[in-house]
Amino acid sequence: MPDDASSLIAEGVLIDGRWRPAAGGRLPVEDPSTGANIGDIAAGGAGEIDEAVDAARRSLSGEWGKLTATERGRVLSRIGQRVLEHVDALAEMEAMDVGKPLGQARADAAALGRYLEFYGGAADKLMGQTLEYQAGYTVFTLREPHGVTGHIIPWNYPMQILGRSVVGALAAGNATVLKPAEEASLTALAFARIATECGLPPGALNVVPGRGDEAGAALAAHPDVDHVSFTGSGPVGALVQKAAAGRAAPVTLELGGKSPQVVFADADIDEALPFLVNAGIQNAGQTCSAASRILVQREVYQQVLERMAARYRELRVGPALADLDVGPLISARQLEIVRGYLDLAEKDGLQVVARGSLVDHAPAGGHYFAPALIAGPPSGHRLVQEEIFGPAQVVIPFEDEDEAVALANGTPYGLVAGAWTRDGARQFRMAHRLKAGQVFINNYGAGGGVELPFGGVKRSGHGREKGFEALYAFTQLKTVAVKHG
Ligand code: NAD
(Lines give C-alpha, C1' and ligand atoms only; values in the text may rest on other atoms or scores of the structure.)
Protein backbone atom coordinates (compact mmCIF):
# COMPACT_ATOMS: atom_id res chain seq x y z
CA MET A 1 0.00 0.00 0.00
CA PRO A 2 1.53 3.43 -0.88
CA ASP A 3 2.27 5.89 1.98
CA ASP A 4 -0.58 8.11 1.00
CA ALA A 5 -3.07 5.23 1.10
CA SER A 6 -2.09 4.30 4.66
CA SER A 7 -3.41 7.71 5.76
CA LEU A 8 -6.81 6.67 4.39
CA ILE A 9 -7.11 3.27 6.04
CA ALA A 10 -10.03 3.16 8.43
CA GLU A 11 -10.52 0.52 11.07
CA GLY A 12 -13.81 -0.80 12.43
CA VAL A 13 -17.37 0.39 11.90
CA LEU A 14 -18.29 4.08 11.81
CA ILE A 15 -21.25 4.89 14.04
CA ASP A 16 -22.16 8.39 15.21
CA GLY A 17 -18.82 9.76 14.00
CA ARG A 18 -16.74 7.26 15.97
CA TRP A 19 -14.77 4.25 14.78
CA ARG A 20 -15.06 1.13 16.89
CA PRO A 21 -14.71 -2.65 16.60
CA ALA A 22 -17.67 -4.83 15.65
CA ALA A 23 -19.05 -7.62 17.80
CA GLY A 24 -19.28 -9.97 14.80
CA GLY A 25 -15.52 -10.37 14.38
CA ARG A 26 -13.56 -9.90 11.17
CA LEU A 27 -13.83 -10.56 7.44
CA PRO A 28 -10.72 -11.40 5.39
CA VAL A 29 -9.55 -9.07 2.60
CA GLU A 30 -8.18 -10.83 -0.47
CA ASP A 31 -6.16 -9.33 -3.31
CA PRO A 32 -7.79 -10.91 -6.40
CA SER A 33 -4.59 -10.37 -8.43
CA THR A 34 -2.63 -12.77 -6.21
CA GLY A 35 -5.24 -14.63 -4.19
CA ALA A 36 -3.27 -13.55 -1.09
CA ASN A 37 -4.85 -12.37 2.13
CA ILE A 38 -3.89 -8.71 2.65
CA GLY A 39 -5.68 -8.03 5.91
CA ASP A 40 -9.12 -8.04 7.41
CA ILE A 41 -12.00 -5.71 8.20
CA ALA A 42 -14.64 -5.50 10.92
CA ALA A 43 -17.78 -7.55 10.34
CA GLY A 44 -20.79 -5.73 11.71
CA GLY A 45 -24.14 -7.42 12.29
CA ALA A 46 -27.68 -6.63 13.42
CA GLY A 47 -26.45 -4.97 16.64
CA GLU A 48 -24.24 -2.46 14.81
CA ILE A 49 -26.99 -1.81 12.27
CA ASP A 50 -29.40 -0.96 15.12
CA GLU A 51 -26.92 1.48 16.59
CA ALA A 52 -26.10 2.98 13.18
CA VAL A 53 -29.79 3.57 12.42
CA ASP A 54 -30.28 5.17 15.87
CA ALA A 55 -27.29 7.44 15.28
CA ALA A 56 -28.60 8.42 11.85
CA ARG A 57 -32.03 9.19 13.31
CA ARG A 58 -30.52 11.35 16.06
CA SER A 59 -28.40 13.26 13.56
CA LEU A 60 -31.56 14.46 11.81
CA SER A 61 -32.45 16.53 14.86
CA GLY A 62 -28.82 17.33 15.66
CA GLU A 63 -26.01 19.20 13.93
CA TRP A 64 -26.60 17.51 10.55
CA GLY A 65 -30.33 18.16 10.46
CA LYS A 66 -29.81 21.81 11.36
CA LEU A 67 -27.53 22.57 8.40
CA THR A 68 -29.07 24.55 5.57
CA ALA A 69 -29.01 22.97 2.12
CA THR A 70 -26.20 25.35 1.15
CA GLU A 71 -24.14 24.28 4.17
CA ARG A 72 -24.75 20.61 3.37
CA GLY A 73 -23.58 21.26 -0.16
CA ARG A 74 -20.43 22.96 1.08
CA VAL A 75 -19.50 19.97 3.26
CA LEU A 76 -19.99 17.60 0.32
CA SER A 77 -17.93 19.83 -1.97
CA ARG A 78 -15.15 19.92 0.63
CA ILE A 79 -15.15 16.11 0.82
CA GLY A 80 -15.06 16.05 -2.99
CA GLN A 81 -11.94 18.22 -3.05
CA ARG A 82 -10.23 15.91 -0.59
CA VAL A 83 -11.23 12.81 -2.58
CA LEU A 84 -9.80 14.39 -5.73
CA GLU A 85 -6.53 15.09 -3.91
CA HIS A 86 -6.33 11.39 -3.03
CA VAL A 87 -7.33 9.86 -6.36
CA ASP A 88 -4.07 7.90 -6.73
CA ALA A 89 -4.15 6.49 -3.22
CA LEU A 90 -7.82 5.53 -3.45
CA ALA A 91 -7.16 3.95 -6.84
CA GLU A 92 -4.34 1.78 -5.50
CA MET A 93 -6.50 0.69 -2.60
CA GLU A 94 -9.35 -0.22 -4.98
CA ALA A 95 -7.00 -1.99 -7.41
CA MET A 96 -5.80 -4.24 -4.61
CA ASP A 97 -9.24 -4.85 -3.15
CA VAL A 98 -11.26 -5.36 -6.37
CA GLY A 99 -8.53 -6.39 -8.84
CA LYS A 100 -9.46 -3.47 -11.07
CA PRO A 101 -6.68 -2.21 -13.40
CA LEU A 102 -5.18 0.92 -11.88
CA GLY A 103 -6.33 3.32 -14.61
CA GLN A 104 -9.92 2.11 -14.26
CA ALA A 105 -9.70 2.42 -10.47
CA ARG A 106 -8.39 5.96 -10.90
CA ALA A 107 -11.42 6.79 -13.05
CA ASP A 108 -13.69 5.45 -10.29
CA ALA A 109 -12.00 7.62 -7.63
CA ALA A 110 -12.26 10.67 -9.89
CA ALA A 111 -15.95 9.86 -10.46
CA LEU A 112 -16.52 9.76 -6.68
CA GLY A 113 -14.96 13.23 -6.48
CA ARG A 114 -17.22 14.36 -9.32
CA TYR A 115 -20.36 12.98 -7.57
CA LEU A 116 -19.43 15.01 -4.49
CA GLU A 117 -18.92 18.14 -6.61
CA PHE A 118 -22.16 17.58 -8.51
CA TYR A 119 -24.36 16.84 -5.49
CA GLY A 120 -22.55 19.44 -3.39
CA GLY A 121 -23.56 22.01 -5.99
CA ALA A 122 -27.08 20.61 -6.40
CA ALA A 123 -28.00 20.43 -2.69
CA ASP A 124 -29.54 23.92 -2.57
CA LYS A 125 -31.15 23.78 -6.00
CA LEU A 126 -33.83 21.26 -5.13
CA MET A 127 -37.10 23.16 -5.30
CA GLY A 128 -40.81 22.63 -4.96
CA GLN A 129 -43.47 24.27 -7.13
CA THR A 130 -46.43 26.55 -6.71
CA LEU A 131 -49.64 25.13 -8.17
CA GLU A 132 -52.67 26.93 -9.57
CA TYR A 133 -55.80 25.96 -7.62
CA GLN A 134 -59.09 27.52 -6.61
CA ALA A 135 -59.44 31.18 -5.72
CA GLY A 136 -58.49 31.86 -2.12
CA TYR A 137 -55.84 29.15 -1.95
CA THR A 138 -52.09 29.12 -2.28
CA VAL A 139 -50.79 25.66 -3.00
CA PHE A 140 -47.16 24.64 -3.11
CA THR A 141 -44.99 21.55 -2.84
CA LEU A 142 -42.04 20.87 -0.59
CA ARG A 143 -39.30 18.33 -1.26
CA GLU A 144 -38.39 16.71 2.03
CA PRO A 145 -35.79 14.03 2.79
CA HIS A 146 -37.07 10.54 3.60
CA GLY A 147 -35.18 10.59 6.90
CA VAL A 148 -32.87 7.60 7.41
CA THR A 149 -31.75 5.93 4.18
CA GLY A 150 -30.02 2.54 3.95
CA HIS A 151 -27.51 1.83 1.17
CA ILE A 152 -26.42 -1.69 0.25
CA ILE A 153 -23.78 -1.73 -2.47
CA PRO A 154 -21.86 -4.40 -4.43
CA TRP A 155 -18.12 -4.97 -4.91
CA ASN A 156 -17.70 -4.11 -8.58
CA TYR A 157 -17.71 -0.28 -8.42
CA PRO A 158 -17.71 0.58 -4.71
CA MET A 159 -16.65 4.21 -5.11
CA GLN A 160 -18.92 5.04 -8.02
CA ILE A 161 -21.95 3.35 -6.50
CA LEU A 162 -21.60 4.91 -3.08
CA GLY A 163 -21.12 8.22 -4.91
CA ARG A 164 -24.39 8.02 -6.78
CA SER A 165 -26.29 6.56 -3.85
CA VAL A 166 -25.03 7.82 -0.47
CA VAL A 167 -23.88 11.23 -1.73
CA GLY A 168 -27.20 11.94 -3.45
CA ALA A 169 -29.08 10.97 -0.28
CA LEU A 170 -26.90 13.24 1.87
CA ALA A 171 -27.34 16.17 -0.53
CA ALA A 172 -31.10 15.79 -0.18
CA GLY A 173 -30.79 15.98 3.63
CA ASN A 174 -31.12 12.33 4.64
CA ALA A 175 -28.94 10.60 7.22
CA THR A 176 -27.37 7.44 5.83
CA VAL A 177 -26.28 3.94 6.80
CA LEU A 178 -23.97 2.26 4.27
CA LYS A 179 -23.34 -1.50 4.08
CA PRO A 180 -20.51 -2.12 1.61
CA ALA A 181 -19.91 -5.54 0.02
CA GLU A 182 -17.93 -8.08 2.03
CA GLU A 183 -15.57 -8.64 -0.95
CA ALA A 184 -14.58 -4.96 -1.22
CA SER A 185 -15.14 -2.47 1.58
CA LEU A 186 -11.80 -0.64 1.81
CA THR A 187 -12.58 2.45 -0.26
CA ALA A 188 -16.01 2.87 1.37
CA LEU A 189 -14.25 2.95 4.73
CA ALA A 190 -11.60 5.35 3.36
CA PHE A 191 -14.35 7.60 2.01
CA ALA A 192 -15.99 7.65 5.45
CA ARG A 193 -12.69 8.61 7.04
CA ILE A 194 -12.22 11.46 4.57
CA ALA A 195 -15.82 12.58 5.11
CA THR A 196 -15.49 12.75 8.90
CA GLU A 197 -12.12 14.53 8.63
CA CYS A 198 -13.77 17.09 6.34
CA GLY A 199 -16.37 17.91 8.97
CA LEU A 200 -19.39 15.77 8.01
CA PRO A 201 -21.40 15.90 11.25
CA PRO A 202 -21.62 12.69 13.33
CA GLY A 203 -24.41 10.30 12.38
CA ALA A 204 -24.97 11.71 8.88
CA LEU A 205 -22.95 8.82 7.44
CA ASN A 206 -22.62 5.53 9.29
CA VAL A 207 -20.73 2.63 7.72
CA VAL A 208 -21.20 -0.97 8.78
CA PRO A 209 -19.22 -3.47 6.69
CA GLY A 210 -20.34 -7.05 7.16
CA ARG A 211 -21.97 -10.05 5.59
CA GLY A 212 -24.96 -9.58 3.34
CA ASP A 213 -27.20 -12.05 5.11
CA GLU A 214 -26.40 -10.44 8.48
CA ALA A 215 -25.66 -6.70 8.28
CA GLY A 216 -27.33 -6.31 4.84
CA ALA A 217 -30.48 -8.20 5.78
CA ALA A 218 -30.72 -6.31 9.11
CA LEU A 219 -30.48 -2.96 7.31
CA ALA A 220 -33.14 -3.86 4.71
CA ALA A 221 -35.52 -5.10 7.41
CA HIS A 222 -34.90 -2.37 9.96
CA PRO A 223 -38.23 -0.77 10.97
CA ASP A 224 -36.70 2.69 11.31
CA VAL A 225 -35.09 2.87 7.83
CA ASP A 226 -37.26 5.07 5.62
CA HIS A 227 -35.77 4.28 2.20
CA VAL A 228 -33.45 1.56 0.92
CA SER A 229 -31.15 1.89 -2.06
CA PHE A 230 -29.90 -1.53 -3.17
CA THR A 231 -27.42 -2.26 -5.95
CA GLY A 232 -26.63 -5.88 -6.62
CA SER A 233 -28.07 -9.13 -7.90
CA GLY A 234 -31.72 -9.77 -8.75
CA PRO A 235 -32.38 -12.48 -6.14
CA VAL A 236 -30.97 -10.38 -3.29
CA GLY A 237 -32.80 -7.32 -4.63
CA ALA A 238 -36.06 -9.25 -4.34
CA LEU A 239 -35.27 -10.13 -0.70
CA VAL A 240 -34.52 -6.48 0.06
CA GLN A 241 -37.76 -5.32 -1.54
CA LYS A 242 -39.73 -7.92 0.42
CA ALA A 243 -38.05 -6.90 3.68
CA ALA A 244 -38.97 -3.24 3.09
CA ALA A 245 -42.52 -4.02 1.93
CA GLY A 246 -43.80 -4.78 5.44
CA ARG A 247 -43.28 -1.18 6.50
CA ALA A 248 -44.13 0.26 3.04
CA ALA A 249 -40.64 1.75 2.69
CA PRO A 250 -39.67 2.82 -0.84
CA VAL A 251 -36.80 0.92 -2.43
CA THR A 252 -34.51 1.73 -5.34
CA LEU A 253 -33.28 -1.44 -7.04
CA GLU A 254 -30.26 -1.23 -9.34
CA LEU A 255 -29.89 -4.81 -10.57
CA GLY A 256 -28.23 -6.72 -13.38
CA GLY A 257 -28.23 -6.39 -17.13
CA LYS A 258 -27.59 -8.09 -20.47
CA SER A 259 -27.14 -4.92 -22.44
CA PRO A 260 -26.95 -4.87 -26.25
CA GLN A 261 -25.15 -2.63 -28.70
CA VAL A 262 -26.77 -2.72 -32.13
CA VAL A 263 -24.54 -2.05 -35.14
CA PHE A 264 -26.32 -1.20 -38.41
CA ALA A 265 -24.60 -1.58 -41.76
CA ASP A 266 -24.43 2.21 -42.20
CA ALA A 267 -22.61 2.77 -38.89
CA ASP A 268 -19.17 4.33 -38.55
CA ILE A 269 -17.54 1.06 -37.60
CA ASP A 270 -14.12 2.60 -36.91
CA GLU A 271 -15.71 4.78 -34.29
CA ALA A 272 -17.91 2.04 -32.85
CA LEU A 273 -15.22 -0.61 -32.50
CA PRO A 274 -13.48 0.54 -29.29
CA PHE A 275 -16.88 1.04 -27.63
CA LEU A 276 -18.04 -2.43 -28.66
CA VAL A 277 -15.05 -4.14 -27.06
CA ASN A 278 -14.36 -1.86 -24.08
CA ALA A 279 -17.95 -1.98 -22.88
CA GLY A 280 -17.60 -5.77 -22.65
CA ILE A 281 -14.23 -6.08 -20.96
CA GLN A 282 -14.11 -3.03 -18.68
CA ASN A 283 -13.64 -4.14 -15.06
CA ALA A 284 -13.24 -7.68 -16.46
CA GLY A 285 -16.85 -7.61 -17.62
CA GLN A 286 -18.07 -7.27 -14.01
CA THR A 287 -20.16 -4.24 -14.88
CA CYS A 288 -23.95 -4.11 -14.62
CA SER A 289 -24.11 -2.08 -17.84
CA ALA A 290 -21.54 -4.21 -19.71
CA ALA A 291 -22.46 -4.50 -23.38
CA SER A 292 -22.39 -8.27 -23.33
CA ARG A 293 -24.40 -8.67 -26.57
CA ILE A 294 -23.25 -7.16 -29.85
CA LEU A 295 -25.92 -7.35 -32.55
CA VAL A 296 -24.62 -6.70 -36.06
CA GLN A 297 -26.47 -6.27 -39.36
CA ARG A 298 -25.68 -9.13 -41.72
CA GLU A 299 -23.90 -6.98 -44.38
CA VAL A 300 -21.16 -5.99 -41.92
CA TYR A 301 -21.35 -8.93 -39.51
CA GLN A 302 -18.19 -10.70 -40.71
CA GLN A 303 -16.21 -7.47 -40.78
CA VAL A 304 -17.23 -6.44 -37.23
CA LEU A 305 -16.66 -9.95 -35.87
CA GLU A 306 -13.18 -10.16 -37.38
CA ARG A 307 -12.19 -6.72 -36.18
CA MET A 308 -13.47 -7.43 -32.65
CA ALA A 309 -11.63 -10.78 -32.71
CA ALA A 310 -8.39 -9.02 -33.72
CA ARG A 311 -8.76 -6.68 -30.75
CA TYR A 312 -9.54 -9.60 -28.42
CA ARG A 313 -6.30 -11.35 -29.47
CA GLU A 314 -4.37 -8.24 -28.38
CA LEU A 315 -6.03 -8.02 -24.95
CA ARG A 316 -3.60 -8.56 -22.11
CA VAL A 317 -4.77 -9.87 -18.79
CA GLY A 318 -2.79 -9.51 -15.58
CA PRO A 319 -2.45 -7.98 -12.11
CA ALA A 320 -4.41 -4.83 -11.34
CA LEU A 321 -1.33 -2.78 -10.49
CA ALA A 322 0.20 -3.61 -13.91
CA ASP A 323 -2.74 -1.65 -15.37
CA LEU A 324 -3.34 -3.87 -18.41
CA ASP A 325 -6.56 -4.21 -20.42
CA VAL A 326 -8.15 -6.69 -18.05
CA GLY A 327 -7.52 -7.57 -14.40
CA PRO A 328 -8.58 -10.66 -12.43
CA LEU A 329 -12.15 -11.48 -11.48
CA ILE A 330 -13.14 -10.63 -7.92
CA SER A 331 -12.98 -14.16 -6.46
CA ALA A 332 -12.41 -17.85 -7.07
CA ARG A 333 -16.20 -18.25 -6.99
CA GLN A 334 -16.76 -15.66 -9.71
CA LEU A 335 -14.05 -17.30 -11.82
CA GLU A 336 -15.81 -20.64 -11.47
CA ILE A 337 -19.13 -19.10 -12.59
CA VAL A 338 -17.57 -17.44 -15.66
CA ARG A 339 -15.61 -20.58 -16.59
CA GLY A 340 -18.88 -22.50 -16.30
CA TYR A 341 -20.39 -20.33 -19.05
CA LEU A 342 -17.40 -20.94 -21.32
CA ASP A 343 -17.64 -24.70 -20.68
CA LEU A 344 -21.31 -24.51 -21.61
CA ALA A 345 -20.46 -22.63 -24.83
CA GLU A 346 -17.95 -25.33 -25.76
CA LYS A 347 -20.28 -28.17 -24.82
CA ASP A 348 -23.03 -26.68 -26.99
CA GLY A 349 -20.67 -26.25 -29.93
CA LEU A 350 -20.73 -22.45 -29.93
CA GLN A 351 -17.91 -20.79 -31.80
CA VAL A 352 -15.35 -19.14 -29.48
CA VAL A 353 -13.62 -17.00 -32.10
CA ALA A 354 -10.96 -15.27 -30.01
CA ARG A 355 -9.48 -15.10 -26.52
CA GLY A 356 -7.23 -12.56 -24.82
CA SER A 357 -4.06 -13.79 -23.13
CA LEU A 358 -2.68 -13.90 -19.64
CA VAL A 359 0.73 -12.22 -19.18
CA ASP A 360 3.58 -14.46 -18.03
CA HIS A 361 4.10 -12.63 -14.76
CA ALA A 362 0.46 -13.01 -13.60
CA PRO A 363 0.59 -14.63 -10.12
CA ALA A 364 -0.68 -18.21 -10.12
CA GLY A 365 -3.14 -17.55 -7.28
CA GLY A 366 -4.97 -14.71 -9.11
CA HIS A 367 -8.49 -15.22 -10.45
CA TYR A 368 -7.74 -14.66 -14.13
CA PHE A 369 -10.01 -15.36 -17.08
CA ALA A 370 -8.89 -14.59 -20.64
CA PRO A 371 -11.69 -12.65 -22.37
CA ALA A 372 -13.75 -14.75 -24.78
CA LEU A 373 -15.58 -13.61 -27.92
CA ILE A 374 -18.37 -15.95 -28.97
CA ALA A 375 -20.02 -15.86 -32.39
CA GLY A 376 -23.62 -16.47 -33.34
CA PRO A 377 -25.32 -18.30 -30.44
CA PRO A 378 -29.08 -18.79 -30.84
CA SER A 379 -31.15 -16.06 -29.18
CA GLY A 380 -32.60 -18.36 -26.50
CA HIS A 381 -29.21 -19.70 -25.39
CA ARG A 382 -28.20 -19.13 -21.77
CA LEU A 383 -25.14 -17.16 -22.89
CA VAL A 384 -27.47 -14.71 -24.64
CA GLN A 385 -30.07 -14.52 -21.87
CA GLU A 386 -28.09 -14.61 -18.62
CA GLU A 387 -25.72 -12.11 -17.07
CA ILE A 388 -22.27 -13.74 -17.14
CA PHE A 389 -20.50 -10.97 -15.18
CA GLY A 390 -17.14 -11.72 -16.74
CA PRO A 391 -15.24 -10.66 -19.89
CA ALA A 392 -17.27 -12.61 -22.44
CA GLN A 393 -19.33 -11.12 -25.27
CA VAL A 394 -21.61 -12.74 -27.82
CA VAL A 395 -21.89 -11.38 -31.37
CA ILE A 396 -25.16 -12.09 -33.19
CA PRO A 397 -26.23 -11.22 -36.77
CA PHE A 398 -29.58 -9.64 -37.70
CA GLU A 399 -31.29 -8.82 -40.98
CA ASP A 400 -33.27 -5.61 -40.42
CA GLU A 401 -34.34 -3.05 -37.82
CA ASP A 402 -37.35 -5.04 -36.61
CA GLU A 403 -35.24 -8.11 -35.94
CA ALA A 404 -32.57 -5.97 -34.24
CA VAL A 405 -35.18 -4.49 -31.90
CA ALA A 406 -36.68 -7.90 -31.13
CA LEU A 407 -33.25 -9.33 -30.29
CA ALA A 408 -32.16 -6.26 -28.32
CA ASN A 409 -35.30 -6.31 -26.19
CA GLY A 410 -35.45 -10.11 -26.02
CA THR A 411 -33.99 -10.73 -22.55
CA PRO A 412 -35.47 -10.28 -19.07
CA TYR A 413 -33.22 -7.23 -18.54
CA GLY A 414 -33.35 -3.58 -19.60
CA LEU A 415 -30.53 -1.54 -18.13
CA VAL A 416 -28.64 0.08 -21.01
CA ALA A 417 -28.73 -0.24 -24.82
CA GLY A 418 -26.72 1.28 -27.65
CA ALA A 419 -27.27 1.71 -31.38
CA TRP A 420 -24.81 2.72 -34.09
CA THR A 421 -26.24 4.17 -37.32
CA ARG A 422 -25.78 7.24 -39.54
CA ASP A 423 -29.51 7.27 -40.42
CA GLY A 424 -30.97 10.21 -38.47
CA ALA A 425 -34.55 8.96 -38.47
CA ARG A 426 -33.44 5.53 -37.28
CA GLN A 427 -31.41 7.10 -34.47
CA PHE A 428 -34.63 8.55 -33.03
CA ARG A 429 -36.68 5.41 -33.73
CA MET A 430 -34.14 3.28 -31.89
CA ALA A 431 -34.14 5.70 -28.96
CA HIS A 432 -37.87 4.98 -28.62
CA ARG A 433 -37.87 1.29 -29.49
CA LEU A 434 -35.04 0.05 -27.24
CA LYS A 435 -36.35 -0.93 -23.81
CA ALA A 436 -33.74 0.24 -21.31
CA GLY A 437 -33.17 2.89 -18.68
CA GLN A 438 -30.44 4.50 -20.77
CA VAL A 439 -30.06 4.46 -24.56
CA PHE A 440 -26.90 5.62 -26.28
CA ILE A 441 -26.86 6.49 -29.97
CA ASN A 442 -23.43 6.47 -31.63
CA ASN A 443 -21.70 6.18 -28.27
CA TYR A 444 -21.97 3.90 -25.26
CA GLY A 445 -21.90 4.95 -21.63
CA ALA A 446 -21.23 8.65 -22.32
CA GLY A 447 -18.02 8.37 -20.30
CA GLY A 448 -19.82 7.52 -17.06
CA GLY A 449 -22.06 10.58 -16.97
CA VAL A 450 -22.48 11.46 -13.28
CA GLU A 451 -25.09 13.99 -14.49
CA LEU A 452 -27.21 11.41 -16.36
CA PRO A 453 -30.05 9.53 -14.60
CA PHE A 454 -29.37 5.80 -14.48
CA GLY A 455 -31.44 2.73 -13.65
CA GLY A 456 -33.26 -0.17 -15.18
CA VAL A 457 -36.55 -1.41 -16.51
CA LYS A 458 -37.85 -5.01 -16.32
CA ARG A 459 -35.55 -7.22 -14.20
CA SER A 460 -32.84 -4.57 -14.16
CA GLY A 461 -34.71 -2.82 -11.37
CA HIS A 462 -36.61 0.38 -10.74
CA GLY A 463 -35.92 3.88 -9.51
CA ARG A 464 -33.17 6.17 -10.75
CA GLU A 465 -29.86 7.27 -9.34
CA LYS A 466 -27.27 9.71 -10.72
CA GLY A 467 -28.01 13.16 -12.03
CA PHE A 468 -30.60 15.47 -10.53
CA GLU A 469 -33.18 12.70 -10.76
CA ALA A 470 -31.58 10.95 -7.76
CA LEU A 471 -32.49 13.93 -5.60
CA TYR A 472 -36.16 13.32 -6.40
CA ALA A 473 -35.74 9.65 -5.47
CA PHE A 474 -34.14 10.59 -2.16
CA THR A 475 -36.95 13.01 -1.21
CA GLN A 476 -40.71 12.82 -0.68
CA LEU A 477 -43.04 15.41 -2.12
CA LYS A 478 -45.37 17.17 0.31
CA THR A 479 -48.29 19.22 -1.03
CA VAL A 480 -49.35 22.18 1.09
CA ALA A 481 -52.69 23.95 0.49
CA VAL A 482 -53.19 27.21 2.39
CA LYS A 483 -56.72 28.64 2.38
CA HIS A 484 -56.56 32.35 2.97
CA GLY A 485 -59.75 33.55 1.37
P1 NAD B 1 -25.14 -9.34 -4.37
O2 NAD B 1 -26.57 -9.14 -4.57
O3 NAD B 1 -24.63 -10.67 -4.02
O4 NAD B 1 -24.57 -8.36 -3.25
C5 NAD B 1 -24.83 -6.97 -3.26
C6 NAD B 1 -24.86 -6.46 -1.83
O7 NAD B 1 -25.97 -7.08 -1.17
C8 NAD B 1 -23.62 -6.79 -1.01
O9 NAD B 1 -23.33 -5.70 -0.16
C10 NAD B 1 -24.09 -7.98 -0.18
O11 NAD B 1 -23.38 -8.12 1.02
C12 NAD B 1 -25.54 -7.62 0.07
N13 NAD B 1 -26.40 -8.77 0.42
C14 NAD B 1 -26.21 -10.08 0.17
N15 NAD B 1 -27.21 -10.81 0.69
C16 NAD B 1 -28.06 -9.94 1.28
C17 NAD B 1 -29.31 -10.09 1.97
N18 NAD B 1 -29.85 -11.29 2.18
N19 NAD B 1 -29.93 -8.98 2.41
C20 NAD B 1 -29.39 -7.75 2.20
N21 NAD B 1 -28.20 -7.56 1.57
C22 NAD B 1 -27.55 -8.64 1.11
O23 NAD B 1 -24.48 -8.81 -5.72
P24 NAD B 1 -22.96 -8.84 -6.14
O25 NAD B 1 -22.60 -10.21 -6.56
O26 NAD B 1 -22.13 -8.19 -5.08
O27 NAD B 1 -22.98 -7.85 -7.38
C28 NAD B 1 -23.17 -8.29 -8.65
C29 NAD B 1 -24.56 -7.97 -9.14
O30 NAD B 1 -24.84 -6.58 -8.95
C31 NAD B 1 -24.72 -8.18 -10.62
O32 NAD B 1 -25.95 -8.78 -10.90
C33 NAD B 1 -24.68 -6.77 -11.18
O34 NAD B 1 -25.29 -6.63 -12.43
C35 NAD B 1 -25.36 -6.01 -10.15
N36 NAD B 1 -25.01 -4.58 -10.23
C37 NAD B 1 -25.96 -3.70 -10.67
C38 NAD B 1 -25.64 -2.36 -10.83
C39 NAD B 1 -26.67 -1.38 -11.31
O40 NAD B 1 -26.45 -0.20 -11.17
N41 NAD B 1 -27.78 -1.78 -11.89
C42 NAD B 1 -24.37 -1.92 -10.51
C43 NAD B 1 -23.42 -2.84 -10.08
C44 NAD B 1 -23.77 -4.17 -9.93
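The values are calculated or read from the model by the stated rules, or taken from the named source; none is laboratory data. Quick caveat, the model's predicted, so the values are computed rather than measured. In this analysis, Cβ positions are derived from the backbone assuming ideal geometry, glycine residues included, and neighbour counts consider all displayed protein chains. Areas reflect the complete protein model, heavy atoms only, side chains present, ligands, DNA and RNA absent. Shrake-Rupley method; radii C 1.70, N 1.55, O 1.52, S 1.80 Å.
Structure above, values below:
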{"quantity": "Filter result for the condition that a residue is over 23 Å from residue 388 (Cα atoms) and either away from the ligand (no atom under 12 Å from the Cβ) or open to solvent by less than 10 Å² (accessible area, probe 1.4 Å) (or both), over 265, 284, 279", "calculated": "265"}
{"quantity": "Residue 39 vs. criteria closer than 25 Å to residue 278 by Cα and either open to solvent by 10 Å² or more (accessible area, probe 1.4 Å) or part of a helix (DSSP H, G or I) (or both)", "calculated": "no"}
{"quantity": "Whichever residue in segment 225-241 is among the hydrophobic types (A, V, I, L, M, F, W, C) and surrounded by fewer than 21 Cβ atoms within 10 Å (Cβ to Cβ) and, among such residues, is farthest from the ligand (Cβ to nearest atom)", "calculated": "238"}
{"quantity": "Any hit, segment 42-49, residues being assigned to a strand (DSSP E or B) and either touching a residue at least 60 places away in the same chain (Cβ under 8 Å) or over 22 Å from the mean Cα position of the chain (by Cα) (or both)", "calculated": "yes"}
{"quantity": "Qualifying residue in segment 22-31 (condition: of a type in the set (Val, Ile, Thr), under 22 Å from residue 179 (Cα atoms) and assigned by TED's automatic domain parsing to the domain that holds residue 205)", "calculated": "yes"}
{"quantity": "Test result for residue 251, more than 26 Å from residue 97 (Cα to Cα) and more than 10 Å from the ligand (Cβ to nearest atom)", "calculated": "yes"}
{"quantity": "Checklist (1) within 16 Å of the ligand (Cβ to nearest atom); (2) free of Cβ contacts under 8 Å to residues at least 60 places away in the same chain; (3) under 17 Å from the mean Cα position of the chain (by Cα) applied to residue 447, failing item", "calculated": "(1)"}
{"quantity": "Residue count, segment 187-211 (criterion: within 14 Å of the ligand (Cβ to nearest atom) and in contact (Cβ under 8 Å) with a residue 40 or more places away in the chain)", "calculated": "7"}
{"quantity": "Residue among 329, 315 that is in contact with a His (Cβ under 7 Å, 6 or more places away or on another chain) and either crowded, with 20+ Cβ neighbours inside 10 Å or more than 15 Å from residue 95 (Cα to Cα) (or both)", "calculated": "329"}
{"quantity": "Unmet requirement for residue 179, which otherwise passes all of (1) open to solvent by less than 10 Å² (accessible area, probe 1.4 Å); (2) over 18 Å from the mean Cα position of the chain (by Cα); (3) not small (Gly, Ala, Ser)", "calculated": "(2)"}
{"quantity": "Candidates 425, 372, 408, 446, filtered to the one that is aliphatic (A, V, I, L, M), at pLDDT 95 or above and surrounded by fewer than 16 Cβ atoms within 10 Å (Cβ to Cβ)", "calculated": "425"}
{"quantity": "Top-ranked residue of segment 214-242 - restricted to ones that are of a type in the set (D, E, K, R) and in contact with a helix residue (DSSP H, G or I) (Cβ under 9 Å, 6 or more places away or on another chain), ranked as farthest from residue 42 (Cα to Cα)", "calculated": "242"}
{"quantity": "Residue tally, condition of a type outside the set (Val, Ile, Thr) and open to solvent by 10 Å² or more (accessible area, probe 1.4 Å), over segment 182-197", "calculated": "5"}
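Listed here are the residues, each with its yes/no results for (1) at positive phi; (2) crowded, with 24+ Cβ neighbours inside 10 Å.
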position: 104; (1), (2): no, no
position: 129; (1), (2): no, no
position: 136; (1), (2): yes, no
position: 159; (1), (2): no, yes
